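Have a look at the structure below, then the notes.
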Amino acid sequence: MSRQKANAEGKSPSRISAAARSLAVPLLAVVTALIIGALLIIVTDETVLAAFGRGIGSGLVQAWRIISKAYGAFFFGAFGDLYHITETLRIATPYIFAGLAVALGFQGGLFNIGAEGQYFIGGLTSVYVGYSLTGLPWFVHLPLALLAGAVGGALWAGIVGVLKAKTGAHEVINTIMMNYVAYRLAEFMLDVGGPMARPGYRPVSPEVQPSAYLPQFFPSDSTIRFNAGFFIALAFAVLVWWLLYKTTLGYEIRTVGQNPHAARYAGINVPRTIIITMALSGALAGLAAPMDILGVIHFMPNAFSSGYGFDAIALALLGNSHPLGVVLASLLFGALRSGASNMQGIAQIPIDITSILQGLIIVFIAAPAIVRAIYRIRGLEQGEELVLTRGWGQM
Amino acid sequence: MPPVLELKGITKRFPGVLANDHIDLTLHEGTVLALLGESGAGKSTLMNVLYGLYTPDEGEIAIRGERVDIAGPNDAIRLGIGMVHQHFMLVPVLTVTENVMLGMESIKHGILLDREAAAKRIRDLSARYGLDVNPDDLVGDLPVGIQQRVEIIKLLYRNADILILDEPTAVLTPQEVEGFFAVVRTLVAQGKSVIFISHKLKEVLALADTIAVLRRGKLVGAADPATATERDLASLMVGREVILTVSKEPAHPQEVILAVKELRVRGDRGEIAVDGISFEACAGEIVGVAGVQGNGQTELIEALTGLRPVMTGTVTLAGQDITNHTPRTITEVGSAHIPEDRQKDGLVLGYPISDNLVLNTYYLPPVAKGLVMQEEVIAERAERLVKEYDVRTPGIFTPAGNLSGGNQQKVIVARELSRDVKLVIASQPTRGLDVGSIEYIHSQLVRKRDEGAAVIVVSAELDEVLSLADRILVMFDGEIMGVVLADEATKEEIGLLMAGVHPGTQEAA
């Protein structure tokens, strides 16, 4: 009562400061994770422990040396030169799509854990269109292959949406189950001798036609794998933002997400909106796969799993389910991955440390109270925070 | 002898607001102290301080002259302070005894519950205070009035001497209120002391020995119930003169707008909640629906607005059959709906006021052009409606969840009554609101009537229905017990109908 009253009576925090506080937590989560990561590197490094055995001073010097070497390699790997910057962006590309998928679901009150499965299906439909159609010009073939990925993902997620809308079956369980179906379906299709496997003894699909390739950005330098997919991903982030915040459909999605009772009262067709939200979410997840298939490797391997679909949940949380936040979070994850492989190569730091860093960042973001307590930031008022998803079994 | 309870200079601050500002209260043994105030005046904060849920920033609490620190409800109970919340804390599938024992079970042979001992104490307490509660009844089977007594027994069982009753009459029929008053009088006669929280002036005057009025966190006055009038108390509460009765001209009913025939509707548990109801509402009249909560009013309104399927029967709005049509169709035919639960159905609390004001017109021009919502139109409309309907807010982009209850309701009223509609359905339109907001919302409903709309008002407050409606339907157990004209009806007559008794027959239905 009293707090609400306080705001109603004038001391309302401005939107900007609320946004700043929304951003502060993810940023501080990253910083905190890097600090803890540094401590982990120190305690797991034998040379540092040996140096501490010789004295505190030499231990600290060695620790500093290791950390600066590791994080130096890490930051170089993320942003050091053109190759590494473009790698960061390339890795961020499917992340953006998968993150947008989960974020859109969250906005509609749906927890899409099935982005991974939708990604597989999108990969299958996209690669099929990519290798089976021949003789098309690129400006027809490429959009068709992308569309196929979107449709595949949309149908796969749409099934879950229909089940939820018609029977109330919870999307968390159904998307998890659909993930398994998708994995095994992809395995069946692509295993040696499978309907979509190339002749021979490799469990991979045939090569995609060059007319369906995503154009390389630096065609003269074949080591740079950066391609047009990144800009398509940015365009989709803008599109999703526009859809959510500027259109009637977005208003319906967000209203159902925040308060399905009020949505029904307002005359919104809640089941229909749930199906649409799920299908759109699946379409975005389905578009993540062609980014790698049409842009980088040009075929679909059997063991395609990348974990994008699950990292996407973290991305959506990290990005506060806002498209801009998802793009920023995806860039962060792209940098983390790109930096980590360099850190592993140059400084011999195990890549597990990066997984730990990612894990820590997510923990700190999922439990913002920890970060707020460490850095003493005031929490958001009621109504300021975004609804991420509703509790189990409501609606 | 020192007073049984004394609060001195209690101050409680929340970020940006002073919820309690140096409040002094004295409760003498064997008396009733009424705490009167609008919603948001600081009554709940003060009682939560007393109950140990909040720690005061300043001030002290003394019980029988001794200073005490209350760190939590357990401390409060140990000190003999008990509270009956507005929403009962009872487990319906347990018996009265089990409910009362919950949390302080009597044990025999080390591990077994001693229900007999507890039941015997409950019988003793019930007899001593005239509560008339059977310890073996299932709580779920008991009427609300008896459930309230179970709550009181829970406190007495824990040896509470100071009973805090938070809005205890909100859920009772007029007859039950009489019974409740009798219980309170017995309690104080036997030496218990009672703090009675209310915003109903009549009840406060009837029951209290002393009255303390809170406004905006401050104690603004004390009144003697022997000399004070309702008007005095109301202006103390609000801080200005208020009109207690709704001022309206006699109604001039025109053509039939809403026709309901033999309507049958199921409730959430599959029971028949509305059982063959027929009535009409005409342009230019306010039809009140009275009744104790849970007698089918909610289901009736949900069926009329398309939120709940109709089993049998028909609903016709302005000549058009809207039976089992979607809420959107019914809205578009020309109905406005102020829902019973404003936070659950009426608002998206996380949305700014501006977006809440277009909740059911967001897709129509000029708010949307095709698929694209027109932000300037929405903002311009919000600015206009906030001004026109006196919504007190820092701005149109403030989230609805940050507004007080009264202002939240004004947002809904603004949205619904600013549209050109033939039918207005207002369900509990002023529940929990302060006198100022109530006055305003009533005048808006009357204005809508005078503009030629049919208005249906459902309210559990008999006073509200009586003063606002032109014609009153009384519902009991899913049926219409009777229809009376507001000018001719007496409270007693309606009260009996609400309890399922036809006046004159004196036989329970």
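The values are calculated or read from the model by the stated rules, or taken from the named source; none is laboratory data. Bear in mind the structure is a predicted one, so any value in this text is a computation, not a measurement. Each accessible area value is taken on the protein alone, full model and side chains, heavy atoms only, with ligands, DNA and RNA left out. Shrake-Rupley method; radii C 1.70, N 1.55, O 1.52, S 1.80 Å.
Each residue of the range B:395-404 is assigned a 3J(HN,Hα), and the resulting list reads x, 6, 9, 5, x, 4, x, 8, 7, 6 Hz, derived from the Karplus form 6.51 cos²θ - 1.76 cosθ + 1.60 (θ = phi - 60°), x at Gly and Pro.
Each DSSP beta bridge with both residues in chain B is either parallel or antiparallel, and the antiparallel ones are about 60%. Based on Cα contacts under 8 Å between residues 6+ apart, chain B shows a relative contact order of 14 percent. In terms of its C-alpha gyration tensor, chain B comes out prolate, because a/c is 1.5 or above and the ratio a/b outweighs b/c.
Taking the longest Cα principal axis of chain B as reference, the axis of helix B:375-388 is set at about 60 degrees. Taken one residue at a time, the phi angles of the range A:189-203 give Karplus couplings (6.51, -1.76, 1.60, θ = phi - 60°) of 5, 9, 5, 3, x, x, x, 10, 7, 7, x, x, 10, 9, x Hz. Gly and Pro are set to x. Relative to the longest principal axis of the Cα atoms of chain B, the long axis of helix B:144-157 makes an angle of roughly 30 degrees. Here's the list of aspartates and glutamates a cross-link from B:Lys248 could span, going by alpha-carbon distance under 20 Å and ignoring same-chain residues fewer than 8 apart: B:Glu285, B:Glu439, B:Asp450, B:Glu451, B:Glu461, B:Asp463, B:Glu464, B:Asp470, B:Asp487, B:Glu488. Distances between placed amide hydrogens fall under 5 Å for B:Val289 paired with B:Val457, B:Val458, B:Ser459, B:Leu473, all partners being 5 or more residues away or on another chain. Scalar couplings 3J(HN,Hα) for the range A:225-241, obtained by applying the Karplus form with A = 6.51, B = -1.76, C = 1.60 to θ = phi - 60°, are 9, 4, 9, 5, x, 4, 6, 5, 4, 4, 4, 5, 4, 5, 4, 5, 4 Hz; x denotes Gly and Pro.
Summarising the strand pairing of the protein assembly as shown, around 60 percent of its internal DSSP beta bridges are antiparallel. Using only Cα atoms, tell me the angle between helix B:405-417 and the longest principal axis of chain B; keep it within 0 to 90° and round to the nearest 10. Approximately 20 degrees, to the nearest 10.
If you rank A:Tyr213, A:Tyr180, A:Tyr119 by how much accessible surface each has, with a 1.4 Å probe, what is the order from largest down?
On the way: A:Tyr213 70, A:Tyr180 120, A:Tyr119 5 Å².
Listed by decreasing accessible area, they come as A:Tyr180, A:Tyr213, A:Tyr119.
The heavy atoms of A:Tyr95 offer some 0 square angstrom of accessible surface to a 1.4 angstrom probe.
Of all DSSP bridge pairs formed entirely within the range B:89-222, close to 60 percent run antiparallel. Among A:Gly117, A:Gly307, A:Gly161, the residue with the largest mean-square fluctuation in a Gaussian network model of chain A, with springs joining Cα atoms closer than 10 Å, is A:Gly307. The ratio of the alpha-carbon radius of gyration of the protein assembly as shown to the globular-protein estimate 2.2 N^0.38 Å is 1.13.
From helices alone, the protein assembly as shown scores -15500 deg cm²/dmol at 222 nm; the rule is -39500 (n - 2.57) for each run of n ≥ 4 DSSP H residues, then divide by the residue total.
Taking only the alpha-carbon positions of the range B:5-238 and ignoring solvent, what does the Debye formula give for the base-10 log of I(q)/I(0) at q = 0.12, 0.17, 0.18 Å⁻¹? Taking Cα atoms of the range B:5-238 as identical point scatterers yields -0.67, -1.26, -1.37. Between amide H atoms placed 1.01 Å from N, distances below 5 Å from B:Ala453 occur with B:Gly284, all of them 5 or more places distant or on a separate chain. Each residue was assigned an accessible area with a 1.4 Å probe, and for B:Asp132 the value is about 120 Å².
Put simply, chains A and B cover up around 3500 Å² of each other's accessible surface, both sides summed, when a 1.4 Å probe is used. Consider all pairwise Cα distances in the range A:94-318 and report the whole-number % of them above 22 Å. Above the 22 Å cut-off, the range A:94-318 has 50 percent of its Cα pairs.
Cross-link list B:Lys43/B:Lys154; B:Lys8/B:Lys387; B:Lys261/B:Lys410: which exceed 29 angstrom alpha carbon to alpha carbon? Pairs exceeding 29 Å: B:Lys8/B:Lys387; B:Lys261/B:Lys410. Here the accessible area of chain B is 51 percent carbon and sulfur, with a 1.4 angstrom probe and all protein chains present.
The mean sequence separation of alpha-carbon pairs under 8 Å and at least six residues apart, normalised by the residue count of the range A:220-376, gives a relative contact order of 17 percent.
Regarding the range A:62-144, what's the average projected area of the Cα-atom convex hull, expressed in nm²? Walk me through the numbers before you get to the answer.
Values: hull surface 37.2 nm².
Its average projected convex-hull area is 9.3 nm².
So what is the relative contact order of chain A, in percent, for Cα pairs below 8 Å that sit 6 or more residues apart?
Numbers: 685 pairs, mean separation 122.7, N = 395.
Normalised by residue count, the contact order of chain A is 31 percent.
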